[in-house]
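S.K.: Okay, here's the structure, questions in a sec.
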Amino acid sequence: MEKIIIGGLLSYIITLLAIPAIIQIAKMKKLYDLPDDRKVHATPVPSLGGVGIFAGFLIAFLLLSDLAPRGHSFPFYIAAFVVVFFFGVKDDILVITPLKKFLGQLAVAIILMYKSQLLIDNMHGFLNIGIIPPVFSYPLTMFTIIVVMNSFNLIDGVDGLAASIGFITCTLFSLFFYLNNDWLFALMGISMSGALLAFLRFNFAPARIFMGDTGAMLLGLVNAILVIHFIKTAEGSNILPVYAAPAMGFGILLLPLLDTLRVFGIRIFNKRSPFSADRNHLHHMLLDRGYSHKKITLCLSVVSILFIVLSYAALPLGTTKVILAQIILFFSAIFFLYFANIRQQKKNAIAIGAEDPENFIILTANKANTIAAVSEK
């Protein structure tokens, strides 16, 4: 227990000390995330916070790595973290194409699957499926790793949101593994939680620094490893058995996962790359309702915890029913929010028209022209 606590404290202290220096260097070298029409910040903000998260997380994880049993695949996890760090930093500084980013994520997934044998090989009753053969296990695991990595990258659009959700998920996974004497994965989770807690001091609205792709993809990778290991081991745990493990793992990561899959689906339906940028995310919908960054982060963090609690309470229903209920509940909330935004826009338009009819006609015409231009494309 002492080493787990030390790991969290060490990652917190290292990240806390590293971030101010990174902010200063980023300002000196003008390494900023510049605002544009799609982004929600109005001034340039340093985007290398992931370097500080990586330093705190990895140093703490390495210094206490004697928790790993002999013959464990620990070195391959480190290799995967380093690969993510390097192509993440390159993307934050130089910007790489979505294809190159995807190839980097693919390389990480291959390292974990073939060297660490990190595989989803049992569906635990989902759709009445049990053990699955390698021909399906490898593609499913690869898909899971890449989607989870991108999910945290894509929700990182509001100050403090990705770090807050990541802190909740990593802390919960760490607590579970600690209670089941799975020390290495408990250390992995708490080391990331400590780094994120320190980072939040500089990232909570108004943000002084962003985690960038370096931090977001590292956070996603850690969560991918933890959730797959959770699915593999939860039902066989001695102290805190969790039945319907895939449903519980899905519930823990539900907000970033389903929001990412939803946005990917919208982009593909519109014949666009799933990695192209837009403003269809859940946090964009809340911004359109006039919510502040701080309110969105707190609201979605509470919703994430609520989904976790409800998922755990519903586990006796079985994997398939719980996952189906999670999906229905999530998309019901999305539809409610979507139509509430439409009603709000109509009210605003009516208010503008009543106060300034001439300006209302101009705004309506401009909006119609924009829609027509998009349709032509």
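The values are calculated or read from the model by the stated rules, or taken from the named source; none is laboratory data. Everything numeric here is computed off the predicted structure, so don't read it as measured data. Glycine gets a Cβ as well: all are built from the backbone with ideal geometry, and neighbour counts include every protein chain shown. Keep in mind that these areas ignore ligands, DNA and RNA; they rest on the heavy atoms of the full protein, side chains included. Shrake-Rupley method; radii C 1.70, N 1.55, O 1.52, S 1.80 Å.
S.K.: Name every residue in segment 192-208 that is among the hydrophobic types (A, V, I, L, M, F, W, C) and either touching a helix residue (DSSP H, G or I) at 6+ places or on another chain (Cβ under 6 Å) or assigned to a helix (DSSP H, G or I) (or both), in order of residue number.
M.R.: Hits for segment 192-208 are M192, A195, L196, L197, A198, F199, L200, F202, A205.
S.K.: Report every pair of residues separated by at least 6 positions or lying on different chains whose Cβ atoms are under 7 Å apart, first residue within segment 272-295 and touching a residue at least 24 places away in the same chain (Cβ under 8 Å), second among the acidic types (D, E).
M.R.: Going by the 7 Å Cβ cut-off, the qualifying pairs are H281/D259; L282/D259; H293/D159.
S.K.: Among the residues that make up segment 17-30, is at least one of them open to solvent by 70 Å² or more (accessible area, probe 1.4 Å) and in contact with a Lys or Arg (Cβ under 9 Å, 6 or more places away or on another chain)? Walk me through it before giving the result.
M.R.: Initially, segment 17-30 is screened for residues open to solvent by 70 Å² or more (accessible area, probe 1.4 Å), giving 17, 24-25, 27-30.
Filter again for in contact with a Lys or Arg (Cβ under 9 Å, 6 or more places away or on another chain), leaving none.
No: segment 17-30 contains no residue that is open to solvent by 70 Å² or more (accessible area, probe 1.4 Å) and in contact with a Lys or Arg (Cβ under 9 Å, 6 or more places away or on another chain).
S.K.: Which residues, taken from segment 279-291, are over 13 Å from N341 (Cα atoms) and open to solvent by 60 Å² or more (accessible area, probe 1.4 Å)?
M.R.: Scanning segment 279-291 gives a single hit, R279.
S.K.: G249 versus (1) of a type outside the set (A, V, I, L, M, F, W, C); (2) open to solvent by less than 20 Å² (accessible area, probe 1.4 Å); (3) at positive phi: which is the lone unmet condition?
M.R.: Condition not satisfied by G249: (3).
S.K.: Here's another thing I want to ask about it. Can you report the number of residues in segment 108-129 which are part of a helix (DSSP H, G or I) and either polar (S, T, N, Q) or surrounded by 14 or more Cβ atoms within 10 Å (Cβ to Cβ) (or both)?
M.R.: 9
S.K.: While we're looking at this one, here's another question. Quick one: in segment 130-165, which of the residues that are among the small types (G, A, S) and surrounded by 15 or more Cβ atoms within 10 Å (Cβ to Cβ) is nearest to the chain's Cα centre (by Cα)?
M.R.: S151
S.K.: Looking at segment 70-103, which of the residues that are open to solvent by less than 40 Å² (accessible area, probe 1.4 Å) and among the β-branched types (V, I, T) is farthest from S116 (Cα to Cα)?
M.R.: The selected residue is I96.
S.K.: Scan segment 166-194 for residues that are open to solvent by 10 Å² or more (accessible area, probe 1.4 Å) and of a type in the set (S, T, N, Q) and jot them down.
M.R.: T171, N180, N181
S.K.: Select from segment 237-273 the residues that are hydroxyl-bearing (S, T, Y) and not in a helix (DSSP H, G or I) and write down the one among them that is farthest from Y178 (Cα to Cα).
M.R.: By that ranking, first place goes to S273.
S.K.: Going by what's in this entry, would S276 be described as open to solvent by less than 70 Å² (accessible area, probe 1.4 Å) and outside any helix (DSSP H, G or I)?
M.R.: yes
S.K.: Might you check whether a residue that is among the aliphatic types (A, V, I, L, M), over 17 Å from T15 (Cβ atoms), in a helix (DSSP H, G or I) and modelled with pLDDT of 90 or more occurs anywhere in segment 56-79?
M.R.: Yes, segment 56-79 contains a residue that is among the aliphatic types (A, V, I, L, M), over 17 Å from T15 (Cβ atoms), in a helix (DSSP H, G or I) and modelled with pLDDT of 90 or more.
S.K.: Being among the aliphatic types (A, V, I, L, M) and farther than 19 Å from I19 by Cβ narrows it down to one residue among A60, A55, A80; which is it?
M.R.: Working: A60 fails: farther than 19 Å from I19 by Cβ; A55 fails: farther than 19 Å from I19 by Cβ.
Answer to the selection: A80.
S.K.: Can you report the number of residues in segment 303-324 which are open to solvent by 40 Å² or more (accessible area, probe 1.4 Å), under 15 Å from I252 (Cβ atoms) and either of a type in the set (A, V, I, L, M) or within 19 Å of the chain's Cα centre (by Cα) (or both)?
M.R.: Result for segment 303-324: 6.
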